[in-house]
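Contents: one structure, followed by commentary.
Where a number appears in this text, it was derived from the coordinates with a stated rule and is not lab data. Keep in mind it's a predicted model, so treat the numbers as computed, not measured. In this analysis, Cβ positions are derived from the backbone assuming ideal geometry, glycine residues included, and neighbour counts consider all displayed protein chains.
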Amino acid sequence: MLFSFQRLKALINKELIQLKRDRATLAMMIMLPIVQLMLFGYAINMDPKHLPTAVISRNNTFLTRSLITGLQNAGYFKITQTVSGDKQEERLLRQGRVLFVVMIPDNFTQNVIRGQKSALLLQADATDPTAVSGAVGALNTIAAKVITTELKGALGFLKNAAPAFSIDVQKAYNPEGFTRYNIVPGLIGIILIFTGAMMTSLPLTREQERGTMENLLSMPVQPLEVMIGKITPFIFIGLFQSLVVLFIARFLFSIPVFGNLSLLFGCILLFILCNLAIGFLISTAAKNQTQALQMSVFVLLPSIMLTGFMFPFQGMPQWAQNIGRMIPLTYFVRIARGIMLKGAELQDIWPHLYPLDLIVIVITLFMLRVYQNTLD
Amino acid sequence: MTELAIDVKRLTKKFGSRIVVNNIDIQVPKGKIYGFFGPNGSGKTTTIRMLCGLLTPDAGEGTCLGYDIMAQTQMIRKKVGYMTQKFSFWDDLTIQENVEFTANIFGMDHVSERTREALVKLGLQHRSDQSAGTLSGGWKQRLALAACILHQPEILLLDEPTAGVDPKARRELWDELGRLSEDGMTILVSTHYMDEAERCHELIYIAYGNLIVRGSTQQVIDQTHLKTLE
Ligand SMILES: Nc1ncnc2c1ncn2[C@@H]1O[C@H](COP(=O)(O)OP(=O)(O)OP(=O)(O)O)[C@@H](O)[C@H]1O
Ligand SMILES: [Mg+2]
């Protein structure tokens, strides 16, 4: 018995009708990406102000005093501590009491007046790289303005030359450049796990629970036709959800996609297939919808915790990293971040793409073996 | 020797270590109504599922319409109409959608015409947009039967079609089965109701997976005073 398009069309049509009438599920799948993104999106601080900052001044002159006042008044920084060194500033950063430490070195004033380069040191908690680049910009503007204003009288001859200072940035605690922006690519992955693993396994187990599976299997259908019929609507739903997330991220939160969109969607499609296969596996193992739900949560939780979606992967203990390396989302998160935030090309993401390919192939082969056309 | 539509021997099925169907032979002659009797849990549903390839027997062999029940289940599924014990059409699809879906799955041509004909014959053409889940028990059974015979199968496997329907609907259903049989359809029907035995040509009675008695209806009644088995 050959593959039949008439049967496939009927199967897909049936799934679409059932989905259309299942308003609650449908609403959930449309609202999920929107609500999730809003929650995470507004947690991203769009317009940072008054970020806690410590100042170490090794040079107490009219110029450095103005500089500190300037920092205080500009609004970006909020100077909460004035420390004298002795590694005190490191502790403050580590404890998260301040996000920045601005260090004004010895002889700063004298060097500026002499036109010799002198560097302000900005130590930053780099958890949020956008905040860091904002800080560099703010510090630069403020220092330049203060120096020009303060020195315009007697030392007016200096005005034409660019102010003789530079800013050295030292980032701490986040070598990966982990940011809340990083949540968005990962969030697409989490939503696709929801749709793939949970929303697919539920209707399948429902079909078993209600006995309609018995009717379907007693008809001349091929296992492959049933599978394709079941997953096709969810492929489109998954793609639609990804589009919604990207759209909101772009227009509400100004998070653009730097890389190639078709490469991104190719990878999204692969990840959707991966989760649909997992959803099918769950439905063959689960006896009822409650069990299917529990198993999906069992898949979802480690995906949230151990894949670098929420917490930096390198920061996890070795055993957790080992588990993480077996979870598809780990690779999808890296791929999506690479393409979206860094404009990565195929060759850049390949080291993460091939393990994901492998996982998808293994899961799909296993699923095809386990899935049967009978009730045993 | 009449031609057999179903001819299976030593059919056995275990669930875990429990033997649910034990060494059962079934021979159903073409064009006859074959009654399948037995109390709850005696293995009727399990047997029927094995006949149409939904369960794989642990032992036994045989053919259904000449196709091997182990190896050629896909061919069997095409030519058999199986009506499950529990209503198993899709509650959230309308009556029409259910019938259309079935017609498409069986690869029929002129699906919408055939669907309309079937609904008219059922007397459900005015309620074709009603969802199947909202039908009453008797109507559900009639819809299920209509969907089962839609693709003109050569054999009907009906699992307790009269359970839970009122006496009038029960009579009408048996009248319909009689008509189908006269047109040459082979029918295997399982039931609890002993009084339905007289409408069968042949019957088999099993209990807890084991054969109790079988033969033509007259033989069985003569031999065992079947009514006492109830
Ligand atoms: N999938 C299964 N796994 C384990 N046991 C099963 C399974 N299906 C059926 N059984 C058991 O096999 C036995 C026979 O069940 P079956 O449904 O075939 O009986 P039946 O004659 O159809 O009963 P009824 O008249 O209630 O429909 C029952 O005891 C049942 O509990
Ligand atoms: Mg039964």
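Can you give the angle from 0 to 90° between the axis of helix A:328-342 and the longest principal axis of chain A, with both taken from C-alpha atoms, to the nearest 10?
Taking the Cα atoms of chain A, the angle to A:328-342 is about 50 degrees.
So, counting K/R as plus one and D/E as minus one, what does the shell of residues with Cβ under 11 Å around B:T217 add up to? All intermediate terms of the calculation are to be shown ahead of the outcome.
Numbers: positive: B:K32, B:R199, B:R214; negative: B:E196, B:E198, B:E202, B:D222.
Once all neighbours under 11 Å are counted, the net charge is -1.
Treating the beta-carbon of each Lys and Arg as +1 and of each Asp and Glu as -1, no other charges, what is the dipole magnitude of the stretch B:68-124 about its Cα centre, to the nearest 20 debye?
For this selection, approximately 240 debye.
Assigning unit charges at the beta carbon (Lys, Arg +1; Asp, Glu -1) and nothing else, what dipole magnitude in debye, to the nearest 20, does chain A show about its Cα centre?
I would put it at about 680 debye.
As a footprinting exposure proxy, order B:L65, A:L16 by other Cβ within 10 Å, with the fewest listed first.
A:L16, B:L65
With the dipole of chain B worked out from charges on the C-beta (+1 for Lys and Arg, -1 for Asp and Glu) around the Cα centre, which of B:A146, B:V8, B:T115 lies farthest toward the positive end?
B:V8
Looking at chain B only, what percent of DSSP beta bridges run antiparallel? Nearest 5 please.
55
For the Cα atoms of chain A, what angle does the longest principal axis make with the long axis of helix A:5-21, in degrees from 0 to 90, nearest 10?
That helix lies at roughly 60 degrees to the long axis.
When the helices in chain B are scored as -39500 (n - 2.57) per DSSP H run of 4 or longer and the sum is shared across all residues, what 222 nm value do you end up with, to the nearest 500 deg cm²/dmol?
Per the formula, -10000 deg cm²/dmol.
Rounded to the nearest 10 degrees, what's the angle between the helix A:183-193 long axis and the longest principal axis of chain A, both from Cα atoms, 0 to 90?
Once rounded, one gets 10 degrees.
Cut-off is 10 Å between beta-carbons; in what order do B:K79, B:K168 appear when sorted fewest neighbours first?
Starting with the residue having the fewest Cβ neighbours, the order is B:K168, B:K79.
Ranked by Cβ crowding within 10 angstrom, fewest neighbours first, how are A:W319, B:W139, A:W350 ordered? All intermediate terms of the calculation are to be shown ahead of the outcome.
Numbers: A:W319 9, B:W139 19, A:W350 12.
Least crowded to most crowded, the residues run A:W319, A:W350, B:W139.
Let's see if you can work this out: charge +1 on each Lys and Arg Cβ, -1 on each Asp and Glu Cβ, no other charges. What is the dipole magnitude of the stretch A:201-287 about its Cα centre, in debye to the nearest 20?
The dipole magnitude comes to about 200 debye.
Report, ordered by chain and residue number, the lysines lying within cross-link reach of A:K287, taken as a straight Cα distance under 22 Å and ignoring same-chain residues fewer than 8 apart.
Cα-Cα hits under 22 Å: A:K230, B:K13, B:K14, B:K86.
Of the options A:P317, A:L246, A:I363, report the single residue whose Cα projects farthest towards the positive end of the charge dipole of the protein assembly as shown (beta-carbon charges: Lys, Arg +1; Asp, Glu -1).
Of A:P317, A:L246, A:I363, it is A:P317.
State, as an integer percentage, the relative contact order of the stretch A:178-375 based on alpha-carbon contacts under 8 Å between residues 6 or more apart. Walk me through the intermediate numbers first.
Details: 237 pairs, mean separation 66.6, N = 198.
Relative contact order of the stretch A:178-375: 34 percent.
Give me the inter-chain shielding for B:210-216: mean count of other chain Cβ atoms within 10 Å, whole number please.
Mean inter-chain Cβ contacts per residue within 10 Å come to 0.
Which Cα, out of B:S190, B:G178, B:T162, lies furthest along the positive dipole direction of the stretch B:73-230 (beta carbon charges, K/R +1, D/E -1)?
The residue sitting most towards the positive pole is B:S190.
So, in Å, what gap is there between the alpha-carbon centers of the stretch B:49-66 and the stretch A:61-87?
86
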